[in-house]
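Just below is one structure, and these are the notes that go with it.
Throughout, read-outs are computed from the coordinates displayed, never taken from laboratory work. For clarity, every value in this text was computed on a predicted model and none was experimentally measured. Here the Cβ positions follow ideal geometry from the backbone for every residue, glycine too, while neighbour counts run over all protein chains shown.
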């Protein structure tokens, strides 16, 4: 059996992290997300992998033929982001028989491989993974009868949903599906339209999951991805890590080589501290915090349910339910607001569109190489672009574009007594 993993294209909705060759290269738990997916595929027993990547992909350089990662990797290059269907057809000559198709963020693949495999018979041309959900207007929704799929409706109007089952990004196909895919007109939703045609002509089954299913549609989805990995992580403190005697570590903590945890720090797992990172005096890390490699978290900083990317340095303050990009510098007394005053669900502006996150707690999302002055703060759901600078004592009330200075003007008054 083979697995085809889609890892091409750039999603503008994933701002401010669109500068990555692919969003699945962002590191969580010290590894690119796509590596977590490859490891899940390997642990399921599948060793033959086809990766669909962009022409200039960093993924090829990192993974090569896959030998160092326990799999055999072949590549198909998709130069233009023309959809999953086109990407799959590029693999046609490499596919030998029945195969799985999945997105690069399917770190949970091994949970479903056998469940879906047991449903696949000679007569069954496909097995789809689905989950019940409300608010289905942005998803592909299955039309079903018992355990048979009769069709797929993409982004149905509210009130016209054929069921409450949305499609999840893991598919098990017979190679025969490729013929139907080729006959389906080129379109961004070519894959979905071909699945709908397949359901009309052949036997298609599905597996329903009750699990939360992490995705990577928007940048804040990284928090859900992080938390999904925390659920399967095991406590581990490397021998070369230096932990002060007065530091407190409770719960499931993963602390990597060369990390330093200084006096008075409190680590409340689940938590990840990457290689060579320094956790300063009286720092509090809690609620599922991921500190990547070569970070410095300064004294008296509290961080809760956040992802701090590699090379970032902070002083004191509070960071909650946030994502901080690589190589940022954050001054003392920085604070993120992560809850609306009315406790309502937070909206984020992405590409001039206001997006409902469905979250009641979300702090700031910063790009790479940001600079934030002392005594600054941010409102819930604000995005600060790459290479931007926030002045001291500034409250960030709205999104800040890339390479922008955002600051509050002060008037200095000097009078003789």
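In percent, what relative contact order does region 2-208 have, based on Cα pairs under 8 Å that are 6 or more apart in sequence? Result for region 2-208 is 23 percent.
What percent does the relative contact order of region 124-223 come to when contacts are Cα pairs within less than 8 Å and at least six residues apart? So the answer I get is 39 percent.
From the largest down, the chain spans 90, 48, 39 angstrom on the principal axes of its Cα atoms.
A straight chain from residue 211 to residue 327 at 0.36 nm per residue would run longer than the Cα-Cα distance by 38.3 nm. Exposure proxy shown here: for 415, 58, the number of other Cβ atoms within 10 Å sets the order, fewest to most, as 415, 58. Do you know the relative contact order of the chain, to the nearest whole percent, from alpha carbon pairs under 8 angstrom that are 6+ apart? RCO, the chain: 10 percent.
Taking the longest Cα principal axis of the chain as reference, the axis of helix 33-43 is set at about 50 degrees.
Build a GNM of the chain with springs between Cα atoms under 10 Å apart, and of 33, 73, 279 the one that fluctuates most is 73. Estimated purely from DSSP H runs of n ≥ 4, each contributing -39500 (n - 2.57), the mean residue ellipticity at 222 nm for the chain is -4000 deg cm²/dmol once divided by its residues.
Among DSSP bridges having both ends in region 2-208, what percentage is antiparallel? Round to the nearest 5. Walk me through the numbers on the way to the answer.
Details: 21 of 44 bridges.
Roughly 50 percent of the DSSP beta bridges within region 2-208 come out antiparallel.
Exposure proxy for 139, 112: other Cβ atoms within 10 Å of each Cβ, ordered fewest to most, give 139, 112. Here the label points at residue 164 and residue 397, each 7 Å from Cα along the C-beta direction, are separated by 4.2 nm in the simple model. Put in order of Cβ neighbour count within 10 Å, fewest first, the listed residues 39, 92 become 92, 39. In a fully extended conformation the segment linking residue 410 and residue 176 would gain 77.4 nm over its present Cα-Cα distance, using 0.36 nm per residue.
Computed from label points 7 Å out along Cα-Cβ, the spacing between residue 387 and residue 135 is 3.5 nm. Based on the Stokes-Einstein relation at 4 °C and a viscosity of 1.567 mPa s, and on the Kirkwood radius from alpha carbon pairs, region 2-208 is assigned a translational diffusion coefficient of 74 µm²/s.
Can you pull a Stokes-Einstein diffusion coefficient for region 43-117 at 20 °C (1.002 mPa s), Rh from Kirkwood over Cα pairs, as a whole number of µm²/s?
It diffuses with D of about 160 µm²/s by this estimate.
With 0.36 nm allotted per residue and the present C-alpha distance subtracted, the residue 246-residue 147 stretch has 30.0 nm of extension available.
Each 10 Å bin, from zero up to the one with the longest distance, holds this percent of the alpha carbon pairs of region 221-406: 10, 40, 34, 14, 2. Quick one: among 60, 125, 146, which has the greatest mean-square fluctuation in a GNM of the chain with alpha-carbon springs under 10 angstrom? So, out of 60, 125, 146, the one fluctuating most is 146.
Sorting 284-291, 310-317 by their mean Cβ neighbour count within 10 Å, with the most densely packed peptide first, gives 284-291, 310-317. Within region 258-297, whose backbone N sits under 17 Å from a point 7 Å along Cα→Cβ of residue 239? Once the point is set 7 Å along Cα→Cβ of residue 239, 258-259 turn out to lie under 17 Å by backbone N, inside region 258-297. Just report the Cα centroid separation between region 246-299 and region 374-417, whole Å. Result: 28 Å between the Cα centres. Using only Cα atoms, find the angle between the long axis of helix 221-232 and the longest principal axis of the chain, and express it within 0 to 90 degrees, rounded to the nearest 10. With rounding to tens, the tilt is 80 degrees. Counting DSSP beta bridges with both partners in the chain, what percentage is antiparallel, nearest 5? The antiparallel proportion sits near 25 percent.
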